[in-house]
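Handing you this structure, nothing more for now.
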Amino acid sequence: MSLTHAFFAILRRDLILAVRRRSEIANPLLFFILVITLFPLGIGARPQLLQAIAPGIIWVSALLAAMLSLDSLFRSDFDDGSLEQILLSPHPVSILILGKIVAHWLVTGLPLLLIAPLLAVFLGMPQPAIGVLLLSLLLGTPVLSLIGAIGVALTVGLRRGGMILSLLVLPLYVPVLIFAGNAVEMASNGLPVTAQINILIAILLLSLVLAPWPTAAALKMSMN
Amino acid sequence: MKFIPDPIGRFCHRMASPPHFYALSGKLLPWLTGIFLILLACGLYGGLYLAPPDYQQGDSYRIIYIHVPSAWMSLFIYIVMAITGAIGLIWRIKLAEIVAISSASVGASFTFIALVTGSLWGKPMWGTWWVWDARLTSELILLFLYLGVIGLYNAIDDKRTASKAVAILALVGVVNIPIIHYSVEWWNTLHQGPTVTKMDKPSIHVSMLIPLLLMAIAFKFYYVIAMLQRARLELLQRERTAAWVKKLVSEPSNSSS
Amino acid sequence: MMPPSPLLQVEGLSCIRDDRELFCELAFQLGAGQVLLLEGKNGSGKTSLLRILCGFREPDAGHIRWCGNPISDSQYYADMAYVGHLDGIKKELTVLENLNLALALGQHGQYAIPEALTRVQLAGYQQVLVQALSAGQKRRMSLARLLVTKNRLWILDEPFTSLDKQGIKLTETLMTEHCSRGGLIVLTSHHDLNLTDVDVQRIHLS
Amino acid sequence: MNLQEFLAMGGYAFYVWVSYGICFAVLLANIVLPVMQRKQLIRQLAEKQQRQQP
């Protein structure tokens, strides 16, 4: 059977699993909404201030939500031995793993995109910026999943991997946060954002090509 | 994978054999330490005493002699770590793995020094202890990257596996560092405008430059010394069941050296 | 019986774990139709050896060759199948979905899925979620996975655990058939093997 | 320039000397700690060896 067949088989399997488990989809989404609700409560209902920092709040929350959902990427497959079987496949492991990452993004990243406009309205973000916010999330959240996968793959075999995972992954998230957050902020002020969006596209393509390799290598390493 | 012709590969393997490395590094260390101390003394004398005060910053600029070389070293060591890690990963050379992880703590120290001295330098210059300046922010993120490497290494019990993990992480980090650096610079210019660039390019005079270079070279030597010391410890720990370690331990003269 | 030409060759294999040498300078050869049974008490390195054979763990010394090539070659992974302590079966998926994924990861083998399920006495269970199966049934499902995918070398870690007498008999029959088709098996077991007409080598790890 | 002036660092004594102090403390620790740990390890291994073969 061909590699594309294997890729889509893994993708389909993970989507079916997510639908049957449900909580995997709901948890990061709830977290995202809750964190954003907390900001006005912590800062005070000051529309001007909230509007000014809205891009940052939304992006930092999205980043944390993505990070919290990372553990589910390989955890159950590691625990029940499915990961061993995937690694023993004659197909290139990095492609199979990419299938898992895409599925993970569809389950945890895409819902953030759907709920983000609502939250942007909560924070009083101006109309034109919302489109850019969606675009930046569309380009940025897959990068979070791709880079995050490397971190999870390195720590999946550890008992207390959670804390170390955030230490590994968060510094690598910095460029995405900067360019995406800045794009939204510029758009709120009515400025052009082509440069930021182009850079985000470049980062996405780069991580799409490069990230599966170290992820596969790290998973093999985690197996022993 | 064979990129290197066999005789050279064999030679490297022999040089990289643990007992040979342990003995050789033991012989080299006093010399390296001597050179380091001489360079350090010259650099400090030139920097703290001979070089004139800066016409704008007065004597506070003298922090540059540790701040800038430390910042250079922090990046340099990360790259060395990634390269040696890759060598360990590809050719399974134990010693390369050990050099990689032994570099991490030295690199983290230099990053820490660069941050602290940057802050101490910033206080008289900017009036606050911390400014979200591009260079300091990059340095802070670099420190997180180092801490990630060290934390990951300590979290994995099997040290061979841990070395592999560290090598993968260091390689991922080294690809990311230019991107992070660029993004932070970009972020900085956008939010603050071209503000405090004095730290990057002080109007440097030859009498100021020479001590700076001396200190930079001294720190390179220091890195080799500190890395070798840590590598010797790491090597003994990993090889403690090997015959050469047993022999070494049983010789009373060695327990003091 | 003439010894068949070796397909799996292991030379000078050593494994050190936590300062302890589990085995050292281990060597064996396995040809078509042969079985290797690893014996030894708990913690003697049986599972470690199997995981080294799978390529999950690197040996501290030594080589493993499959058809003369190192096992990092993708050909090896096309020819081998592993059933470990963890069965690698998703309990939220049905039996059919699980086997279909195994097929997608590998290549079609001797049996089609319905025949394989009949063989392991799970006929009619296609649409059942795996979490509804008993431990023994799950074990038999792992055997079905071996049957539906194309493979020559089986690496089995304690294949008889949680199987009843009938299940053990079935496993042994399948193993005998696999060998008679020119397959190879490396396994660990506390249970004594009862295979007729099969060349069984034993290695005792201590 | 006398010693007093040198130490005063043109009024920036605190910043300069604290910087240098922290720097060299960290650098020294990076050498001393591994050396001490290594010696301790050698001692431990030697003791273990003596226990095993009296």
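Each value in this text was obtained by applying a stated rule to the coordinates, not by laboratory testing. Given the structure is predicted, the values throughout are model-derived calculations rather than measurements. Backbone-built Cβ (ideal geometry, glycine too); neighbour counts: all protein chains shown.
For each of B:217, A:147, count neighbouring Cβ atoms within 10 Å of the residue's Cβ, then give the residues from fewest to most.
Lowest to highest Cβ neighbour count: B:217, A:147.
Rounded to the nearest 10 degrees, what's the angle between the helix A:3-21 long axis and the longest principal axis of chain A, both from Cα atoms, 0 to 90?
Here the helix axis deviates by roughly 60 degrees.
Over the whole of B:160-166, what's the average partner chain Cβ count within 10 Å per residue? Rounded to a whole number, please.
5
Taking each full run of DSSP H in chain C as one helix, which ones are at least 15 Å long along their axis (Cα atoms) and have mean Kyte-Doolittle hydropathy of at least -1.0?
C:95-105, C:135-148, C:165-180
Could I ask something else about it? When only Cα pairs under 8 Å and 6 or more residues apart are kept, what is the percent relative contact order across segment B:24-254?
Over segment B:24-254, the number comes to 34 percent.
Could you list A:155, C:161 in order of exposure, starting from the residue whose Cβ has the fewest other Cβ atoms within 10 Å?
By the 10 Å Cβ count, ascending, the order reads C:161, A:155.
Let me ask another. At q = 0.18, 0.27 Å⁻¹, what log₁₀ I(q)/I(0) does segment B:123-196 have when each alpha carbon counts as one equal point scatterer in the Debye sum?
So the normalised log intensities are -0.76, -1.16.
Considering every residue in D:33-42, what mean count of other chain Cβ atoms within 10 Å of its Cβ is obtained?
Mean shielding by partner chains, rounded to a whole number: 6.
What's the exposure ranking of A:178, B:63, going from fewest to most Cβ atoms within 10 Å?
A:178, B:63
Note the per residue figure in Å³ for the convex hull of the C-alpha positions in chain C.
119
Here's something else I'd like to know. Per the Kirkwood treatment, what hydrodynamic radius in Å, one decimal, follows for chain B from the mean inverse distance over all distinct Cα pairs?
20.2
Taking R0 as 41 Å, what's the FRET efficiency between residue A:51 and residue B:129 from their Cβ-Cβ distance, rounded to 0.05?
Efficiency for this residue pair is about 0.85.
Pop a pseudo-label 7 angstrom from the Cα along the beta-carbon direction at both residue A:75 and residue A:15 and give the gap in nm to one decimal.
2.4
Moving on. Under the 0.36 nm per residue contour assumption, what length would be gained going from the current alpha-carbon distance of residue A:127 and residue A:202 to full extension?
Taking 0.36 nm per residue and subtracting the Cα distance, the gain is 24.4 nm.
Which value results for Rg/Rh of segment A:2-222 when Rg is the Cα radius of gyration and Rh the Kirkwood radius based on the inverse mean 1/r?
That ratio equals 0.99.
Past the 25 Å Cα-Cα mark, which pairs from B:27/B:247; B:27/B:246; A:220/C:91; B:159/C:91; B:94/B:220?
Check vs 25 Å cut-off fails for B:159/C:91.
What value in Å³ per residue do you get for the convex hull of the alpha-carbon atoms in segment C:166-206?
Residue-normalised Cα hull volume stands at 73 Å³.
D for segment C:84-201, whole µm²/s, Stokes-Einstein with Kirkwood Rh over alpha-carbon pairs at 37 °C and 0.692 mPa s: what number?
It diffuses with D of about 227 µm²/s by this estimate.
With everything on Cα atoms, drop me the angle between helix B:206-238 and the longest principal axis of chain B, reported from 0 to 90° to the nearest 10.
With both axes taken from Cα atoms, the answer is about 30 degrees.
Run the numbers for residue C:165 and residue C:18: contour at 0.36 nm per residue of separation, minus the present Cα-Cα distance, in nm.
The residue C:165-residue C:18 span can extend by a further 49.2 nm.
Under the Kirkwood approximation for Rh and a Cα-based Rg, what ratio Rg/Rh is obtained for chain D?
Result for chain D is an Rg/Rh of 1.47.
So for chain C, averaging the separation of alpha carbon pairs under 8 Å that are six or more residues apart and normalising by length, what relative contact order in percent results?
29
A follow-up question, please. Regarding segment A:103-178, what is the average projected area of its C-alpha convex hull, in nm²?
5.8
OK, next. R0 = 51 Å: FRET efficiency of residue C:123 with residue B:206, Cβ-based, nearest 0.05?
0.05
Just to verify a number: FRET efficiency for residue B:31 and residue D:50, C-beta to C-beta distance, R0 = 30 Å, to 0.05?
0.35
How shielded is B:228-235 by partner chains, expressed as the average number of their Cβ atoms within 10 Å of its Cβ atoms?
5
Residue farthest toward the positive end of the dipole of the protein assembly as shown, with Cβ of Lys/Arg at +1 and Asp/Glu at -1: which of A:74, B:40, B:30?
The residue sitting most towards the positive pole is B:30.
Show me the trypsin sites (Lys or Arg not before Pro) within segment B:50-155 that DSSP assigns to loop and that have at most 14 other Cβ atoms within 10 Å of their Cβ.
The qualifying sites are B:92.
With Rg and the Kirkwood Rh both taken from Cα atoms, where does Rg over Rh land for the protein assembly as shown?
Here the Rg-to-Rh quotient is 1.03.
Dipole of the protein assembly as shown (Lys/Arg Cβ +1, Asp/Glu Cβ -1, origin at the Cα centre): which of B:163, A:152, B:77 lies farthest to the positive side?
B:163
Next question, about the same structure. Using Cα atoms only, what is the angle between the long axis of helix A:110-122 and the major principal axis of chain A, expressed in degrees (0 to 90) to the nearest 10?
That helix lies at roughly 10 degrees to the long axis.
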